[in-house]
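Q: To start, I am sharing the structure in question, which I have written as structure tokens.
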Amino acid sequence: MNTAPPGIRAQETAVTHVEITPSILYFGTPVVLLTTENQDGTFNLAPMSSAWALGHTVVLGLGRDGQTAHNLGSRPDVVINLPAPAQWPAVERLAPLTGRNPVPSTKPDGCRFEPEKFAAAGLTGEPSHLVRPPRVAECPIQLEARAERVRPDVSGEFVIVEAVVRKVHADARVVVPGTDHIDPTAWSPLIYNFRHYFGLGPELGHSYRTQTPRGSHQVPA
Ligand SMILES: Cc1cc2nc3c(=O)[nH]c(=O)nc-3n(C[C@H](O)[C@H](O)[C@H](O)COP(=O)(O)O)c2cc1C
């Protein structure tokens, strides 16, 4: 007899799930490239994917020992650059590099110090308007921001950064002409899905709150 509450399946029918203990929980978030200012006035560039937006605040989760976290603790200017899916090789070229010298023991094996990360990745810096670190010219969306709060996470291994966006630059090809809207059919983030890179698949539908509706993509009645 099914004694489970309404909407909850009885345990004996829930046969499709297994309990696992994965080493990571990176369930698919957009990759961003952060540019920050080093102590000597040069600039660091680092990929990360634990990023999400709350209004005009972007929340970033960063390893405590990385150069990016160190920089943001003292120099709050940051550019949050959003690469397109085709740029994943440049992102991956940055993956084993740190701007921290000497390399902290907490970094994974094979991680090495690299002071010239733009050149190492084959990317180009261009001046920002309101903050000191440069934008990544090749990234279709660039958010100039300021880290207003930097605090340790509950584990002590990471810092949580709340960065308030001050200026948005978008490649005209991903903007709905004559508006301030990103065209979701023209823009795709680069998604980091359990340490593999993906773009978006075809559109499935849209929220009732979209400002760029398309007739055939409403939720079915
Ligand atoms: C696709 C991708 C996503 C990553 N996501 C994160 C992340 O969310 N947080 C983090 O601290 N490091 C992340 N990393 C690892 C950092 O890029 C790496 O630790 C790098 O050495 C940091 O550079 P830095 O020490 O110069 O700041 C990611 C790396 C890649 C390639």
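Q: For the structure I just gave you, tell me whether G61 is of a type in the set (G, A, S), near the ligand (Cβ under 8 Å from one of its atoms), surrounded by fewer than 18 Cβ atoms within 10 Å (Cβ to Cβ) and over 19 Å from C139 (Cα atoms).
A: When the stated conditions are applied, G61 passes them.
Q: Right, E157: more than 15 Å from the ligand (Cβ to nearest atom), within 19 Å of the chain's Cα centre (by Cα) and modelled with pLDDT of 95 or more or not?
A: So E157 fails the test.
Q: Right, something else. For a quick check of your reading of the model, give me the residue pairs whose first member lies in the stretch 134-163 and is without any contact (Cβ under 8 Å) to a residue 12 or more places away in the chain, whose second is outside any loop (DSSP other than H, G, I, E, B), with beta-carbon atoms closer than 9 Å and at least 6 apart or on different chains.
A: From the stretch 134-163, the pairs are R151/V159; R151/I160; R151/V161; R151/E162.
Q: Filter the stretch 38-58 for residues that are surrounded by fewer than 16 Cβ atoms within 10 Å (Cβ to Cβ) and under 19 Å from P134 (Cβ atoms); which is farthest from the ligand (Cβ to nearest atom)?
A: Across the stretch 38-58, the extreme among qualifying residues is G41.
Q: Within the stretch 67-110, take every residue that is farther than 25 Å from G199 by Cβ, without any contact (Cβ under 8 Å) to a residue 60 or more places away in the chain and part of a helix (DSSP H, G or I) and give me the one that is farthest from the ligand (Cβ to nearest atom).
A: Among those that are farther than 25 Å from G199 by Cβ, without any contact (Cβ under 8 Å) to a residue 60 or more places away in the chain and part of a helix (DSSP H, G or I), it is S74.
Q: Which numbered condition trips up T35, out of (1) crowded, with 21+ Cβ neighbours inside 10 Å; (2) in contact with a helix residue (DSSP H, G or I) (Cβ under 7 Å, 6 or more places away or on another chain)?
A: (2)
The values are calculated or read from the model by the stated rules, or taken from the named source; none is laboratory data. Nothing here was measured: the structure is a model prediction, and the numbers come from that model. Please note: Cβ atoms are built from the backbone with ideal geometry, for glycine as well, and neighbour counts cover all protein chains shown.
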